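Notes follow the structure.
What follows is calculated from the coordinates using simple rules that are stated; it is not laboratory data. Model, not experiment: these values are computed from the prediction. Ideal geometry is used to build each Cβ from the backbone, glycine not excepted, and the neighbour counts take in all protein chains shown.
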Amino acid sequence: MIQLAFPSFLFSLLLLVAIAIYLLRRWERWAFALSGGFLNLLGVWLWRLPLDEPSLTRVAYLPIALRLDAGGGGYGFRLQLTPSNEPVVVTLLLLLGTGMMLAAMANPGFSPGLVLLVGTGYTGVALMVAAPLPPVLLAPIFLAMLMTISLFPAQIGRLGNVLDPLRAILPPLLAVPFVLLAAWHMEQIPLNPQDTSVAADAADLLAVGLLLLLAPVPLHGAQPQLCESSPPIAAALTILFYQTLVLYVVYLAATTYPLLRDSSSINLWLTSTGIITLVWGGLAAAGTGHPGRLWGYAMLHDWGLILLLLSAFDERSRPLVISLFALRLVSTLAAATGLTQLRQATGDLNLESLQGVGTRLPWSTIAFLLGSLGLAGFPLTAGFSGHWSALQALAEVDWRFAAIVLISSGSVIFGFARMVGIFFGGLDNHLLPKERPVGVVFSVAAILLIASIAIAPQLLEGPIAKTLFALD
Amino acid sequence: MVALIFQSGADFWSSLPIDILLGLAASLPLVFWDWRLALPSLLLVQLGVGSVVSAAYGLSWPWPALHFGVLLLACLILLLSILQTDDVRVDHRGQFSSFLFRLLVLGMAALLVWQAGSNISLPLLDDAAKRLFLWLMILAILTLGLTETVLFGGIALLLWLVAVQAFLSVLFPVPTLIILLGILQLLVALACSYLLLAEDDALSSALSPATDLVLLPGAGRRRSITAGAQVLCYGIAYWFSSLLHRRQWPGAR
């Protein structure tokens, strides 16, 4: 019986998946589907494991005993599964698995092997519990590295304007000196506890660093651009991996360093940048004529709302942020499912080639529209329940916040209403192929998922409650 | 020898004229907007900044030498892509406004750094080093804001990392941090180098299995550079020849 610490076990499995994908590359779709399914199962299995039992856990059918509470690492780094990072690791594994399965649906336009590498990197950062400097404060360097590697799947095989993907590296790269300067100030606090200015400086620098990491407007540029020009699945995974880890880092920082909330103006900065981000997302969505970019602005609008709620850092806002983010994951991946099909059928996403596409590819079009509208909180979509709860909470604080959110959501919906007119108008390109069966299967699955969450949002209650408990 | 470069004359390296010289060298990419000047000036700035942190702030010499080696490698990585794309793109693409206007912007930025420098606190640094690092960061941000090409975007990011790495090496002389920042620098150079090739719209796309890492379809048809020494020799010769002929050749970058 081999005894393995959880990080070693996880990375060995991910390595095996990478090798299997390479060996089965002649049957790439089956390889992606199987590895995606395996990663999803791994995520679900991990989610159901009781972490509070330190005893050895037998892995079924394998001569392996797993020590969940054991860590591993070297050079001063230690990786370990803890109750607080477990939901993040599970989310990353599920994202990775879903992304691989979606890559099996159509020619993904990127190398899933690279996405696997990026996902493994994010998982490693989430598992990091000790480092030569506090892990939270080293996170921006790792985020910058991973974002840099993410450029390859986002740009792979695609020529043209490439400056915009480069902008995706900027937020973590700009945040690095601020966060590490904050780390130096924090080291000075015990040496001179009477000097309150050191703590205030540390809090302000950390707040600026975290704000840069969260990439509100005007640091948002890469997001809509990636959605416009990169393969939809690669764009969705690049953005969601990064945002999942950034939210975790922000929560960890707020928990580890209470001075962040007490001595800095992060609440004010997050409130103002959150409002600007959601308003800009709404305005830009109303004016854009590219479905990928429109999807990107809808995501930006939704991200602005999350930042606005995050600013409170209290017990009431935390479930709202987590539920909004969970719904964001569902809506974004559903929209990516539909958009990938549309992109593959039309060759590009220009409005001329999309005229009447809904009559030939109805399921993909509906999956894209329902997923994207969920990001604006449209009724009967997955995002509605989260947006509705957020609106109520904001209205209780100040009705003007709720009004701003409502108006900018309306603006996003207006942008999609124009798109519906184009998608279901008269068909221009009569040579457009009909929907492929595999595409129908994935699109219908996405629509069913959206519909079930829209009808019964309580389905997410369990996971959200467990995540909340883990982060406390 | 290397130790001598990085550790001799703390007074010399922390003197105002040297800081001004390094500041001027760092502004060359933005002023002339030419990669043949930008890459050597980047190396010169790294050499100077490394000597400042080693001589004046006691960072042991292998680390600044490592910083320099990493940046040299990063510049070579960029050069490799530049060599492969010499037949594309117009020279002044991405150049913001005129030479004089950029000088005016730089002048205003210099004034800002000079004035605001005394109000910004960067721990452990003396006034001259603080202004130098701020100047490098401002230059990086200005270049990023003004460029429309990946090449100068990459040069700006590398300049930003030169300043950040030097400053953080003074704050935390921890090997792990220095190595992590070095890896980040190389990754940024690799990404920019790859994007520089992808910026070339002359390439045609070809279908390939998505599992195979064919980063750029069609790249095999380009000029093949097989050996590291060939890259170095050919690169230096190409740089020198195109620097001499830059006025006569309208297609120069």
Cut-off under 5 Å, modelled amide H: who pairs with A:LEU79 long-range | A:GLY72, A:GLY73, A:VAL129
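Mind sorting A:ASP164, A:ASP195 by how few other Cβ atoms lie within 10 Å of their own Cβ, fewest first? Write out the running numbers ahead of the final one.
Numbers: A:ASP164 19, A:ASP195 12.
Fewest to most other Cβ atoms nearby, the residues stand as A:ASP195, A:ASP164.
Averaged over its residues, how many other protein chain Cβ atoms are within 10 Å of peptide A:119-132's Cβ atoms?
Numbers: counts 0, 0, 0, 0, 0, 0, 0, 0, 0, 0, 0, 0, 4, 6.
Per residue, the average neighbour count from other chains is 1.
Within 10 Å of each Cβ in peptide A:422-433, how many partner chain Cβ atoms are there on average? Round it to a whole number, please.
Values: counts 0, 0, 0, 0, 0, 0, 0, 0, 0, 0, 0, 0.
For peptide A:422-433, the averaged partner shielding equals 0.
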Shape descriptor, the range A:169-222: equivalent ellipsoid semi-axes (Cα gyration tensor, sqrt 5λ, whole Å, largest first) stand at 27, 10, 5
Exposure-ranked with fewest Cβ neighbours within 10 Å first, A:PHE424, A:PHE9, A:PHE368 stand as A:PHE424, A:PHE9, A:PHE368
J(HN,Hα) series, the range A:224-240, from Karplus relation 6.51 cos²θ - 1.76 cosθ + 1.60, nearest Hz, glycine and proline x = x, 5, 4, 5, 6, 10, 8, x, x, 5, 5, 5, 4, 5, 4, 6, 6
³J(HN,Hα), Karplus 6.51/-1.76/1.60, whole Hz, each residue of the range B:116-132, x for Gly, Pro | 7, x, 6, 8, 9, 9, 10, x, 6, 9, 7, 4, 5, 5, 4, 5, 5
Which is farthest toward the positive dipole end of chain A among A:SER12, A:ALA33, A:ASN85, measuring Cα position about the Cα centre, with Cβ charges +1 (Lys, Arg) and -1 (Asp, Glu)?
-> A:ALA33
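To the nearest 20 Debye, how big is the dipole of the range A:217-353 about its Cα centre, given +1 on the beta carbon of each Lys and Arg and -1 on that of each Asp and Glu? Intermediate results must be reported in sequence, preceding the final value.
Values: 6 positive and 7 negative charges, 29 e Å.
About 140 debye.
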When the distances between all Cα atoms of the range A:268-472 are binned every 10 Å from zero, what whole-number percent does each bin get?
-> 10, 35, 33, 16, 6, 0
Search the structure for amide H atoms under 5 Å from the amide H of A:PHE424, placed 1.01 Å from N in the peptide plane, and list their residues when 5 or more places away or on another chain.
-> A:GLY356, A:GLY358
Return the average number of partner chain Cβ atoms within 10 angstrom of each residue Cβ along peptide A:162-169.
-> 6
If we count other beta carbons within 10 Å of each Cβ, what is the order of B:ILE155, A:ILE306, fewest first?
-> A:ILE306, B:ILE155
Computed [θ] at 222 nm, helices only, for chain A once each DSSP H run of length n ≥ 4 contributes -39500 (n - 2.57) | -24000 deg cm²/dmol
Can you work out ³J(HN,Hα) from phi for every residue in the range A:333-340, in order, using Karplus 6.51 cos²θ - 1.76 cosθ + 1.60 and θ = phi - 60°, giving whole Hz and x for Gly and Pro?
-> 5, 5, 5, 5, 4, x, 5, 4
Residues meeting the amide H criterion for A:ILE64 (H placed from the backbone, H to H distance under 5 Å, 5 or more places apart or on another chain) are A:ILE2, A:VAL59
Dividing the alpha-carbon radius of gyration of the protein assembly as shown by 2.2 N^0.38 Å, where N counts its residues, gives 0.96
Dividing the surface of the Cα convex hull of the range A:390-432 by four yields a projected area in nm² of 3.7
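Considering only DSSP beta bridges whose two residues both sit in chain A, what percent are antiparallel, to the nearest 5? Can you show the working numbers first?
Working: 7 of 11 bridges.
Just about 65 percent of them are antiparallel.
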